[in-house]
Ligand code: HXC
């Protein structure tokens with residue numbers, strides 16, 4: 001499929017989406033976001049894909065929502081169109097989504113990153129929610145997902161000052177999963193994603209659902225959801241195969257059934 005602002009490719013069982021608007025540091029205009037959503041839907045429906053990676057360039061994962069596109073908007077327009085709501089589709093992908101982040105991940109770029117499940121950052125990555133500097137506030141989940149990821153004190157610090165945070169601080173706070181040298185970022189993301197993609201998709205998708213449930217519900221309800229989902233996996237052939245392979249000291253061959 002042809003896209004104007006992203007590139008897609010498949011490597012093994014991994015679908016890659018590369019943001020490709022270098023002249024604007026991958027600023028997310030409406031067309032680019034709808035292309036990301038379309039590409040994710042395609043990979044989501046493809047039984048040969050077990051994990052998706054979202055990445056940008058060396059210089060920028062994405063420097064935010066497109067400020068030039070948004071500058072002239074009015075309140076009635078943003079309200080009636082539910083501006084930015086279409087971005088939620090990224091978080092609703094059921095397959096695991098890995099972010100490979102180098103350079104700037106700012107504003108909407110940071111918010112899209114936080115919709116991903118595993119976040120691998122290059123040492124060059126820089127994060128901020130700088131909306132306060134342009135007279136607005138995060139609008140694609142920034143205040144909510146950041147607070148859940150790193151707590152209130154740091155979220156207030158970042159959102160109220162708009163300051164830039166480096167990769168070491170982001171890793172220390174638990175915002176990102178791993179930090180690697182920039183030269184190793186894409187290989188590390190592929191290795192992590194391929195490792196996920198070769199597991200049973202029933203396991204990986206159930207795990208994603210259960211972890212995300214932790215942010216939506218009470219502990220007892222979350223534990224019940226986890227336990228019942230865990231029980232259900234004993235109805236799969238992949239459970240029989242996975243445990244038999246362990247006992248027989250061989251690699252499992254999962255068939256997503
Ligand atoms: C539109 C952007 C952009 C953005 C960069 N560009 N970020 N265009 N929207 N978010 C464009 C610049 O205008 C410029 O184009 C080109 O990309 C290169 O950027 P420079 O500023 O020349 O590069 P540099 O000096 O290296 O500075 C990099 C930067 C800076 C620190 C990342 O570009 C910057 O501060 N960008 C804005 C970051 C930001 O505030 N993001 C959050 C947006 S708000 P031209 O054609 O001029 O050369 C958000 C949610 C709110 O995400 C929703 C409403 C928008």
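Note down the relative contact order for segment 86-221 as a percent, whole number, built from C-alpha pairs under 8 angstrom at least six residues apart. Please report the intermediate quantities before stating the final value.
Values: 204 pairs, mean separation 38.0, N = 136.
Relative contact order, segment 86-221: 28 percent.
Largest GNM mean-square fluctuation across 110, 159, 51, computed for the chain with C-alpha springs under 10 Å, falls on 159.
Ranked from highest to lowest mean number of other Cβ atoms within 10 Å per residue, what is the order of the peptides 192-205, 169-182, 89-102?
Working: 192-205: 20.1, 169-182: 17.1, 89-102: 21.6.
Peptide ranking by packing, descending: 89-102, 192-205, 169-182.
Rounded to the nearest 10 degrees, the angle from helix 30-45 to the longest Cα principal axis of the chain is 0 degrees. Build a GNM of the chain with springs between Cα atoms under 10 Å: which of 80, 185, 106 gets the top mean-square fluctuation? Between 80, 185, 106, it is 80 that shows the largest mean-square fluctuation. Round to a whole angstrom and tell me the spacing of the C-alpha centers of segment 126-151 and segment 177-197. About 25 Å separates the Cα centre of segment 126-151 from the one of segment 177-197.
With r defined as the distance between the Cβ atoms of residue 86 and residue 23 and R0 fixed at 30 Å, what FRET efficiency is calculated, to the nearest 0.05? Walk me through the intermediate numbers first.
Numbers: r = 23 Å, r/R0 = 0.78.
So the FRET efficiency works out to roughly 0.80.
Between residue 1 and residue 184, the FRET efficiency estimated from the beta carbon spacing at R0 = 35 angstrom works out to 0.75.
Could you calculate the FRET efficiency of residue 132 with residue 67 from 1/(1 + (r/R0)^6), where r is the beta carbon distance between them and R0 is 22 Å, rounded to 0.05?
Numbers: r = 13 Å, r/R0 = 0.61.
Here the calculated transfer efficiency is 0.95.
Shape analysis of segment 159-231 based on the Cα gyration tensor places the equivalent ellipsoid semi-axes at 29, 22, 8 Å, largest first. By DSSP, the beta bridges lying fully in the chain are antiparallel in about 25 percent of cases.
Show me, bin by bin at 5 Å from 0, the whole-percent P(r) of segment 39-92 based on Cα pairs. It works out to 4, 13, 17, 19, 17, 15, 10, 4, 1, in whole percents. Between the Cα long axis of helix 201-213 and the first principal axis of the chain there is an angle of about 50°, rounded to the nearest 10.
Once you have the alpha carbon radius of gyration of the chain, what is it after dividing by 2.2 N^0.38 Å, with N set to its residue count?
Working: Rg = 19.0 Å, N = 257, 2.2 N^0.38 = 18.1 Å.
Its radius of gyration relative to the 2.2 N^0.38 Å reference: 1.05.
Rounded to the nearest 10 degrees, the angle from helix 219-232 to the longest Cα principal axis of the chain is 40 degrees. By the compact-protein rule of thumb, 2.2 N^0.38 Å, the alpha-carbon radius of gyration of segment 17-136 corresponds to a ratio of 1.05.
Remark: 188, 248, 111 ranked as 248, 188, 111, counting other beta-carbon atoms within 10 Å and listing the fewest first. Take 10-17, 42-49 and order them by the average number of nearby Cβ atoms within 10 Å per residue, most first; the result is 10-17, 42-49.
Ranking of 156, 114 by neighbouring Cβ atoms within 10 Å, starting from the fewest: 156, 114. Take every pair of alpha-carbon atoms less than 8 Å apart whose residues are at least six positions apart; their mean separation over the length of the chain yields a relative contact order of 17 percent. Overall form of segment 1-85: oblate. Here a/c, set by the Cα gyration tensor axes a ≥ b ≥ c, is 1.5 or more, and a/b is not larger than b/c.
Expressed as a fraction of 2.2 N^0.38 Å, the rule-of-thumb size for a compact globular protein of N residues, what is the C-alpha radius of gyration of segment 127-257? Mind dumping the intermediate values first?
Values: Rg = 19.5 Å, N = 131, 2.2 N^0.38 = 14.0 Å.
Relative to the rule-of-thumb radius for its length, segment 127-257 sits at 1.39.
Can you give me the orientation-averaged projected area of the convex hull built on the Cα atoms of segment 192-257, in nm²? If you can, show how the numbers build up before the last one.
Numbers: hull surface 19.9 nm².
Average projection, Cα convex hull of segment 192-257: 5.0 nm².
Quote the Stokes-Einstein diffusion coefficient, in whole µm² s⁻¹, for segment 82-129, based on the Kirkwood radius over alpha carbon pairs, a temperature of 25 °C and a viscosity of 0.890 mPa s. My calculation gives 218 µm²/s for D.
If you run the Gaussian network model on the chain, springs between alpha carbon atoms under 10 Å, then out of 136, 247, 211 the most flexible one is 247.
Each reported figure results from applying straightforward, stated rules to the coordinates on display, with no laboratory input. Only a predicted model underlies this, so the values are computations on that prediction, with no experimental measurement involved. Note that each Cβ is placed from the backbone with ideal geometry, even for glycine, and that neighbours are counted across all protein chains shown.
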